[in-house]
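For reference, the structure is listed below as structure tokens.
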Amino acid sequence: MTDRRLDGRSVLALVTNYGVEQDELLVPLRELRKDGVDVTVAAVSTDLVQTLQGDKDPGESVDPDVSHEALGAAPHDLLLIPGGTLNADHLRLETAAVDTVKAFAASGRPVAAICHGPWALVEADVLRGKTLTSYPSLRTDITNAGAEAWVDEPVVVDAEGGYPLITSRTPKDLDDFVTAIRERLAQV
């Protein structure tokens, strides 16, 4: 963990309005905000985001700050892509969301994705040469997308290939995931 607050840093959390895994959005959102990070939640629309627990049980609802289409060019220091099978599957079909992923990678800004979140990275074609982790069922998709390697570790940080990538497997890895995000933001 960093030994200083992260005031002045900003994170963009990219989700759909239904199916994001509750803790994969809310734990980073709350922990980073406690550290002084400005976290913006962008969804398909500005309607409530309904989270799920374990892809089936309703979780907390979240008010998004902006829609994907209205994001504009506002700079953020890091892109956060939470999982949830439904969320991730629908997110990769959203052109504006995929374009945002491409823009972050192309600009060299860090991207952090957990669980099924890397599906958006597959769709954006930004995994060539990367080593990462995810929910295990994404392994084939990730390797077919040109990743150097998929590994079964709680958190993987890969700074090669043009942009820093932080990935984790499941909600049980959230402590390691949030710590790696904090450490990256402290370098900004």
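Tell me, what HN-Hα J-couplings in whole Hz come from the Karplus equation 6.51 cos²θ - 1.76 cosθ + 1.60 at θ = phi - 60° for each residue of segment 170-179, using x for Gly and Pro?
These are the phi-based 3J(HN,Hα) values: 8, x, 5, 9, 4, 4, 5, 4, 5, 4 Hz.
Under 10 Å, Cα contacts only: if you run a Gaussian network model on the chain, which one of N144, N17, N87 comes out with the highest mean-square fluctuation?
Between N144, N17, N87, it is N144 that shows the largest mean-square fluctuation.
Find how much the distance from S137 to T179 grows on full extension, using 0.36 nm per residue of separation minus their present alpha carbon separation; answer in nm with one decimal.
Extending this stretch completely gives an extra 12.7 nm.
With a point put 7 Å past each Cα toward its Cβ, work out how far D55 is from A159 in nm, to one decimal.
Result for the modelled spin labels: 3.5 nm.
Answer rounded, prolate or oblate for segment 1-82, using the Cα gyration tensor with square roots of eigenvalues a ≥ b ≥ c: rounded when a/c is under 1.5, else prolate when a/b is larger than b/c, else oblate.
Because a/c hits 1.5 or more and a/b fails to exceed b/c, segment 1-82 counts as oblate.
Restrict the search to segment 34-117; then list the trypsin sites (Lys or Arg not before Pro) that DSSP places in a loop and that have at most 14 other Cβ atoms within 10 Å of their Cβ.
Hits after loop and neighbour filter: K56.
Just tell me which lysines come within less than 22 Å, Cα to Cα, of K34; anything on the same chain fewer than 8 places away is out.
K172
Considering only DSSP beta bridges where both residues belong to segment 10-186, give the percentage that are antiparallel (nearest 5).
In segment 10-186, approximately 25 percent of DSSP beta bridges are antiparallel ones.
Could you work out how far apart the two model spin labels at E148 and E69 are, taking each label as a point 7 Å from the Cα in the direction of the beta carbon, and quote it in nm?
Placing both labels 7 Å along Cα→Cβ, they lie 4.0 nm apart.
Read-outs throughout are calculated quantities, based only on the coordinates presented, and are distinct from any laboratory measurement. Predicted model only: the values in this text are computed from it and were never measured. No Cβ is skipped: glycine too gets one built from the backbone with ideal geometry, and neighbour counts run over all protein chains shown.
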